[in-house]
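Since every read-out is calculated from the coordinates, none of them should be taken as a lab result. Please read these numbers as outputs of a predicted model, since none were measured by experiment. No Cβ is skipped: glycine too gets one built from the backbone with ideal geometry, and neighbour counts run over all protein chains shown.
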There are 2 protein chains.
Amino acid sequence: MPDTPAEDVSRPRLDRERILDAAEAIVREEGVGRLTMRRIGAELGADPTAVYRHFRNKDELLIQLADRLFGIAPDLPPDLSWRERFKAELRYSMNRYRSHPDLAMLLAVQPDDTPSLQAIAEWDLARLAEIGLSPEDAARVLQVIENHVVGTGLYYALIEHGDDPRLRDTDAMRRVYALLPAGEFPHAVVAAPHLFPDLDESFDFATDMILDAIERLAGKGDAATGSTDEGAGT
Amino acid sequence: MPDTPAEDVSRPRLDRERILDAAEAIVREEGVGRLTMRRIGAELGADPTAVYRHFRNKDELLIQLADRLFGIAPDLPPDLSWRERFKAELRYSMNRYRSHPDLAMLLAVQPDDTPSLQAIAEWDLARLAEIGLSPEDAARVLQVIENHVVGTGLYYALIEHGDDPRLRDTDAMRRVYALLPAGEFPHAVVAAPHLFPDLDESFDFATDMILDAIERLAGKGDAATGSTDEGAGT
DNA sequence: ACATTGCTGTCAACAGTGTTGACTTCGCCG
DNA sequence: CGGCGAAGTCAACACTGTTGACAGCAATGT
């Protein structure tokens with residue numbers, strides 16, 4: 001054996017990046033619930049505890065992984081209006097939290113904001129300043145937007161990533177409410193057929209409310225008639 | 001020993017209710033993270049596995065516990081305006097999710113809505129019908145409200161229940177943003193002193209946006225001037 | 001009144017998890 | 001070539017939820 005064993009070049013050395021690659025692959029294929037240290041070791045063909053030479057503990061690894069997944073920016077068509085651009089960006093952000101709720105929770109708990117989160121804040125603040133909001137108002141609105149995006153994303157993730165398939169059967173859910181005792185739940189029974197609307201539309205609906213308020217804050221009074229594209233979209 | 005052993009009356013028998021009492025006590029005093037089957041057993045002075053005679057598994061126990069904690073209704077002063085009442089109710093609901101995030105997540109994942117959740121939906125739908133919203137609109141708005149309340153509650157819980165105390169040091173967080181490279185993060189640096197506003201105010205701010213939109217939907221055009229009690233305190 | 005039957009509690013154990021310490025091996029640098 | 005530190009391996013610990021076999025109590029049927 002002169003140089004390298006050459007039996008398998010796929011195992012050159014362990015590395016933060018290689019470990020994160022493996023972890024990302026596992027998350028993508030099997031979900032965060034399956035991401036254990038032993039599983040990472042198996043994916044790398046190495047001993048599970050070898051990972052501890054590169055990451056202090058699992059949390060540190062997960063935070064790095066989250067920052068990597070949250071750092072990807074969407075490329076939007078350039079000819080969008082201010083409102084459409086903002087809306088698309090918020091929806092994209094929400095979907096990031098939606099598809100990786102466990103990682104999102106870790107990012108939320110982490111005190112030092114990671115670079116990807118700081119970049120998102122800067123982008124949003126720039127858009128808000130663009131239409132004339134003061135730094136004070138922009139900061140207030142930013143927190144509302146963050147609540148909206150992160151909160152809704154987490155909530156949707158819980159609904160959709162639950163083990164029980166009945167969670168996604170909205171017809172069955174509506175039926176449950178339709179069959180409630182009409183004496184005790186009169187309004188729920190009547191509204192039953194319209195409950196559990198499409199989640200994407202619901203998110204956009206709420207986003208429009210926020211954008212309306214922002215435009216009113218910015219002094220553009222012509223938004224008082226309501227959102228312009230109500231009910232459009234996928 | 002004629003009747004009962006009388007050596008210790010504190011251990012009459014195990015019971016779903018007694019177990020839930022113990023679990024609730026543990027959650028209140030030590031948090032959900034400390035709620036293990038063995039800990040419950042110790043609290044009851046019984047073998048941990050005895051719990052499995054009354055609950056199929058830990059999830060079932062937690063869901064029952066969640067429904068109990070979420071079933072408590074707030075008693076509000078009766079002389080509140082429609083808007084104030086709704087606002088107070090939403091804030092109370094949000095704080096429930098905020099103080100018991102782990103239980104809230106379990107409720108969200110559970111397909112069959114529990115009685116407490118159904119009661120909340122009925123209450124909200126009644127308030128929306130009260131001001132003239134159609135069942136369709138009420139159902140749409142209800143989903144938005146649910147996103148707002150549950151999402152924000154979960155998000156706030158993550159921020160506040162994190163282990164690291166720096167999470168609650170908003171001054172430090174602001175300082176981090178103030179010290180970012182001004183070339184790359186111009187707006188973030190300028191807005192830094194105003195970032196991370198009070199979370200309760202932020203929630204109310206967003207609630208006002210939604211209530212404005214609701215009143216506009218209900219045809220009461222006089223809400224176009226904005227919310228009436230903006231910035232009112234705790 | 002007795003016997004049976006089923007529910008309740010106990011014990012030991014299993015399959016997982018993250019993590020640590022000791023040991024070995026590799027690679028680089030003097 | 002020697003040595004020294006980083007990297008990988010192995011066994012083990014503490015902890016989790018959960019299960020199956022056993023023992024005792026209570027109520028029930030005859």
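Classify the range B:147-210 from the C-alpha gyration tensor, please: rounded if a/c falls under 1.5, else prolate or oblate depending on whether a/b exceeds b/c. Verdict is oblate for the range B:147-210.
In the protein assembly as shown, taking the dipole from charged Cβ atoms about the Cα centre, the farthest positive-side position among B:Ser134, B:Ile214, B:Ile159 is held by B:Ile159.
Global dimensions of the range B:10-53 from alpha-carbon coordinates: Rg and Dmax equal 9.6, 28 Å. Its Cα gyration tensor gives chain A an equivalent ellipsoid; the semi-axes, largest first and in whole Å, are 41, 27, 14. Measuring spread by the Cα atoms of the range A:45-92 yields a radius of gyration and Dmax of 18.2, 52 Å. Taking θ as phi - 60° and the Karplus parameters 6.51, -1.76 and 1.60, the scalar couplings of the range B:25-36 work out to 4, 4, 4, 5, 8, 10, x, 5, x, 8, 7, 10 Hz in sequence order, x denoting glycine and proline.
A simple spin-label model places the labels of A:Arg56 and B:Arg175 1.9 nm from each other, with each point 7 Å out along Cα-to-Cβ. Per-residue ellipticity at 222 nm from helix content only, as computed over chain B with -39500 (n - 2.57) for each DSSP H run of at least four residues, stands at -18000 deg cm²/dmol. Of all the C-alpha pairs in the range B:82-194, what % are more than 24 Å from each other? For the range B:82-194, the share of Cα pairs beyond 24 Å comes to 46 percent. Pull out a ≥ b ≥ c, the square roots of the eigenvalues of the alpha-carbon gyration tensor of the protein assembly as shown, then state rounded if a/c is under 1.5, prolate if not and a/b is larger than b/c, and oblate in the remaining case. It comes out oblate by the Cα gyration axes.
Placing a pseudo-label 7 Å from each Cα along the Cα-to-Cβ vector at A:Ala126 and B:Arg18 gives an inter-label distance of 6.4 nm.
Once you order the gyration tensor axes a ≥ b ≥ c over the Cα atoms, which shape class does the range A:65-107 get: rounded for a/c under 1.5, otherwise prolate or oblate by comparing a/b with b/c? Prolate.
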